[in-house]
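Read through the structure below, which is laid out as C-alpha coordinates, and then see the notes.
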Ligand SMILES: Nc1ncnc2c1ncn2[C@@H]1O[C@H](COP(=O)(O)OP(=O)(O)OP(=O)(O)O)[C@@H](O)[C@H]1O
Ligand SMILES: [Mg+2]
(Lines give C-alpha, C1' and ligand atoms only; values in the text may rest on other atoms or scores of the structure.)
(Ligands and ions follow the chains in the order given, each with its own letter.)
Protein backbone atom coordinates (compact mmCIF):
# COMPACT_ATOMS: atom_id res chain seq x y z
CA UNK A 1 0.00 0.00 0.00
CA UNK A 2 1.35 3.41 -0.88
CA UNK A 3 0.93 6.50 1.28
CA UNK A 4 0.97 9.69 -0.78
CA UNK A 5 1.53 12.96 1.10
CA UNK A 6 -1.65 13.98 2.85
CA UNK A 7 -2.75 10.46 3.47
CA UNK A 8 -3.12 9.19 7.03
CA UNK A 9 -2.48 5.89 8.69
CA UNK A 10 -3.68 4.91 12.14
CA UNK A 11 -2.23 2.73 14.85
CA UNK A 12 -3.65 1.61 18.19
CA UNK A 13 -1.43 2.02 21.22
CA UNK A 14 -3.32 0.06 23.86
CA UNK A 15 -0.89 0.80 26.70
CA UNK A 16 2.28 2.80 27.40
CA UNK A 17 4.34 -0.26 26.43
CA UNK A 18 2.92 -0.02 22.92
CA UNK A 19 3.82 3.66 22.80
CA UNK A 20 7.37 2.77 23.83
CA UNK A 21 7.62 0.14 21.11
CA UNK A 22 6.29 2.59 18.53
CA UNK A 23 8.65 5.37 19.71
CA UNK A 24 11.68 3.11 19.48
CA UNK A 25 10.68 2.14 15.95
CA UNK A 26 10.64 5.83 15.05
CA UNK A 27 14.29 6.25 16.05
CA UNK A 28 15.44 4.47 12.91
CA UNK A 29 13.11 6.28 10.52
CA UNK A 30 12.87 9.94 11.59
CA UNK A 31 15.48 11.97 9.70
CA UNK A 32 17.52 14.95 10.90
CA UNK A 33 15.52 18.11 10.33
CA UNK A 34 12.14 16.38 10.38
CA UNK A 35 9.31 18.49 11.83
CA UNK A 36 6.67 16.52 13.72
CA UNK A 37 3.56 18.27 15.03
CA UNK A 38 2.11 16.45 18.05
CA UNK A 39 -1.60 17.09 18.37
CA UNK A 40 -4.25 15.85 20.76
CA UNK A 41 -5.87 17.21 23.90
CA UNK A 42 -4.25 17.40 27.34
CA UNK A 43 -2.81 14.14 28.60
CA UNK A 44 -3.05 12.13 25.40
CA UNK A 45 0.63 11.13 25.50
CA UNK A 46 2.50 13.68 23.36
CA UNK A 47 5.27 14.23 25.91
CA UNK A 48 5.34 10.54 26.78
CA UNK A 49 6.06 9.74 23.15
CA UNK A 50 8.98 12.19 22.99
CA UNK A 51 10.38 10.93 26.30
CA UNK A 52 10.26 7.35 25.06
CA UNK A 53 11.76 8.38 21.73
CA UNK A 54 14.73 10.04 23.46
CA UNK A 55 15.25 7.05 25.73
CA UNK A 56 15.16 4.67 22.77
CA UNK A 57 17.60 6.95 20.94
CA UNK A 58 20.02 6.36 23.79
CA UNK A 59 19.78 9.74 25.52
CA UNK A 60 20.76 9.20 29.15
CA UNK A 61 20.25 12.68 30.57
CA UNK A 62 17.14 14.11 32.16
CA UNK A 63 14.16 14.35 29.85
CA UNK A 64 11.78 17.03 31.09
CA UNK A 65 8.43 18.15 29.78
CA UNK A 66 8.74 21.63 28.22
CA UNK A 67 5.48 22.58 29.94
CA UNK A 68 6.95 25.77 31.45
CA UNK A 69 10.23 26.18 29.60
CA UNK A 70 8.34 25.83 26.27
CA UNK A 71 11.37 24.17 24.71
CA UNK A 72 13.80 21.47 25.82
CA UNK A 73 16.84 20.89 23.67
CA UNK A 74 18.84 17.67 23.26
CA UNK A 75 21.62 16.77 20.85
CA UNK A 76 19.97 16.94 17.43
CA UNK A 77 16.47 17.28 18.86
CA UNK A 78 14.27 20.19 20.01
CA UNK A 79 11.03 19.48 21.87
CA UNK A 80 8.50 22.30 22.06
CA UNK A 81 5.32 22.59 24.09
CA UNK A 82 3.61 25.79 22.97
CA UNK A 83 0.52 25.44 25.17
CA UNK A 84 1.56 28.40 27.30
CA UNK A 85 2.78 30.57 24.45
CA UNK A 86 0.72 33.73 24.63
CA UNK A 87 1.72 35.04 21.21
CA UNK A 88 3.31 33.16 18.30
CA UNK A 89 5.92 35.94 18.04
CA UNK A 90 7.39 34.71 21.33
CA UNK A 91 8.88 31.87 19.33
CA UNK A 92 11.49 34.35 18.14
CA UNK A 93 12.57 34.90 21.75
CA UNK A 94 12.69 31.17 22.33
CA UNK A 95 15.26 30.89 19.57
CA UNK A 96 12.93 29.02 17.25
CA UNK A 97 15.02 30.05 14.27
CA UNK A 98 18.04 28.24 15.74
CA UNK A 99 16.21 24.96 15.39
CA UNK A 100 14.04 25.36 12.32
CA UNK A 101 15.17 24.73 8.78
CA UNK A 102 18.35 22.87 9.71
CA UNK A 103 19.25 19.39 10.88
CA UNK A 104 17.42 19.55 14.19
CA UNK A 105 14.58 17.08 14.58
CA UNK A 106 11.68 19.11 15.97
CA UNK A 107 8.79 17.75 18.01
CA UNK A 108 6.15 20.42 18.54
CA UNK A 109 3.25 20.01 20.97
CA UNK A 110 0.34 22.46 20.53
CA UNK A 111 1.60 23.75 17.16
CA UNK A 112 -1.59 25.77 16.62
CA UNK A 113 -0.28 28.23 19.23
CA UNK A 114 2.71 29.02 17.01
CA UNK A 115 0.90 29.57 13.74
CA UNK A 116 2.89 31.76 11.36
CA UNK A 117 6.18 31.22 13.21
CA UNK A 118 6.67 27.50 12.73
CA UNK A 119 8.07 25.51 9.85
CA UNK A 120 5.49 23.35 8.09
CA UNK A 121 5.03 19.85 9.47
CA UNK A 122 6.52 16.88 7.67
CA UNK A 123 4.36 14.67 9.84
CA UNK A 124 1.35 15.30 12.03
CA UNK A 125 0.71 12.87 14.86
CA UNK A 126 -2.82 13.10 16.24
CA UNK A 127 -3.31 11.30 19.54
CA UNK A 128 -6.65 10.54 21.14
CA UNK A 129 -7.83 8.50 24.08
CA UNK A 130 -9.33 5.13 23.16
CA UNK A 131 -10.59 3.27 26.23
CA UNK A 132 -7.57 2.88 28.49
CA UNK A 133 -5.15 3.30 25.58
CA UNK A 134 -4.49 5.72 22.75
CA UNK A 135 -5.07 5.90 19.03
CA UNK A 136 -2.47 7.59 16.88
CA UNK A 137 -3.20 8.94 13.41
CA UNK A 138 -0.10 9.85 11.42
CA UNK A 139 -0.37 12.14 8.42
CA UNK A 140 2.44 12.76 5.95
CA UNK A 141 2.40 16.40 4.79
CA UNK A 142 5.60 16.53 2.72
CA UNK A 143 7.68 14.23 0.57
CA UNK A 144 9.98 13.72 3.52
CA UNK A 145 7.05 12.79 5.76
CA UNK A 146 5.83 10.42 3.09
CA UNK A 147 9.25 8.79 2.81
CA UNK A 148 9.41 8.34 6.58
CA UNK A 149 6.03 6.63 6.74
CA UNK A 150 7.08 4.29 3.95
CA UNK A 151 10.31 3.43 5.81
CA UNK A 152 8.30 2.86 8.96
CA UNK A 153 6.01 0.43 7.21
CA UNK A 154 8.91 -1.52 5.74
CA UNK A 155 10.98 -1.80 8.90
CA UNK A 156 8.19 -1.75 11.44
CA UNK A 157 9.03 -3.41 14.73
CA UNK A 158 5.42 -3.06 15.77
CA UNK A 159 4.20 -6.51 16.67
CA UNK A 160 0.78 -6.04 15.11
CA UNK A 161 1.28 -3.81 12.06
CA UNK A 162 -1.93 -1.94 11.29
CA UNK A 163 -1.13 -1.69 7.60
N1 LIG B 1 -0.58 4.22 24.82
C2 LIG B 1 -0.94 4.65 26.01
N3 LIG B 1 -1.92 4.01 26.68
C4 LIG B 1 -2.31 4.46 27.92
N5 LIG B 1 -1.78 5.52 28.55
C6 LIG B 1 -0.80 6.18 27.91
C7 LIG B 1 -0.34 5.78 26.63
N8 LIG B 1 0.63 6.64 26.25
C9 LIG B 1 0.76 7.52 27.24
N10 LIG B 1 -0.08 7.25 28.27
C11 LIG B 1 -0.25 7.99 29.53
O12 LIG B 1 -0.97 9.17 29.25
C13 LIG B 1 -0.46 10.23 30.04
C14 LIG B 1 -0.06 11.27 29.04
O15 LIG B 1 0.67 12.30 29.60
P16 LIG B 1 1.55 13.26 28.71
O17 LIG B 1 2.15 14.25 29.63
O18 LIG B 1 2.46 12.50 27.84
O19 LIG B 1 0.43 13.95 27.80
P20 LIG B 1 0.53 15.20 26.84
O21 LIG B 1 -0.26 14.83 25.63
O22 LIG B 1 1.93 15.61 26.63
O23 LIG B 1 -0.27 16.32 27.62
P24 LIG B 1 -0.12 17.93 27.59
O25 LIG B 1 -0.95 18.44 26.45
O26 LIG B 1 -0.67 18.35 28.91
O27 LIG B 1 1.34 18.28 27.42
C28 LIG B 1 0.69 9.66 30.87
O29 LIG B 1 0.19 9.37 32.15
C30 LIG B 1 1.07 8.40 30.13
O31 LIG B 1 1.55 7.37 30.97
MG1 LIG C 1 2.95 17.40 26.99
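The values are calculated or read from the model by the stated rules, or taken from the named source; none is laboratory data. On a predicted model such as this, the values are computed, not experimentally measured, just so you know. A quick note on method: Cβ atoms are made from the backbone with ideal geometry, for glycine too, and the neighbour counts reach across all protein chains shown.
For the reader, a short list of remarks on this structure follows.
- Considering each residue of region 144-157 in turn, none proves to be assigned to a strand (DSSP E or B) and modelled with pLDDT of 95 or more.
- Filter pass, residue 21 being touching a residue at least 40 places away in the same chain (Cβ under 8 Å), more than 16 Å from ligand 2 (Cβ to nearest atom), closer than 23 Å to residue 98 by Cβ and over 11 Å from the mean Cα position of the chain (by Cα): no
- Among the residues listed as 64, 97, 60, the single one being within 13 Å of ligand 1 (Cβ to nearest atom) and more than 29 Å from residue 150 (Cβ to Cβ): 64
- Test result for residue 112, within 27 Å of residue 28 (Cβ to Cβ) and over 13 Å from the mean Cα position of the chain (by Cα): no
- Hey, residue 109 closer than 23 Å to residue 13 by Cα and more than 12 Å from ligand 1 (Cβ to nearest atom) or not: no
- Residue selected from region 50-76 under the condition surrounded by 20 or more Cβ atoms within 10 Å (Cβ to Cβ) and within 9 Å of ligand 2 (Cβ to nearest atom), by the criterion farthest from the chain's Cα centre (by Cα): 66
- Evaluation of residue 137 against the conditions (1) out of contact with any strand residue (DSSP E or B) (no Cβ under 8 Å at 6 or more places or on another chain); (2) not in a loop (DSSP other than H, G, I, E, B) shows that the sole unmet condition is (1).
- Residue identified as at pLDDT 95 or above and loosely packed, with under 13 Cβ neighbours inside 10 Å among 126, 103: 103
- All conditions in (1) surrounded by 15 or more Cβ atoms within 10 Å (Cβ to Cβ); (2) on the phi < 0 side of the Ramachandran plot hold for residue 33, with the sole exception of (2).
- Long-range neighbours under 7 Å by Cβ, at least six apart or interchain, first residue in contact (Cβ under 8 Å) with a residue 60 or more places away in the chain within region 46-64, second part of a helix (DSSP H, G or I) and within 16 Å of ligand 2 (Cβ to nearest atom): 49/19; 49/23
Here is a yes/no grid of residues against (1) modelled with pLDDT under 95; (2) under 20 Å from residue 147 (Cα atoms):
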position	(1), (2)
9	yes, yes
23	no, yes
30	no, yes
35	no, yes
38	no, yes
44	no, no
49	no, no
70	no, no
74	no, no
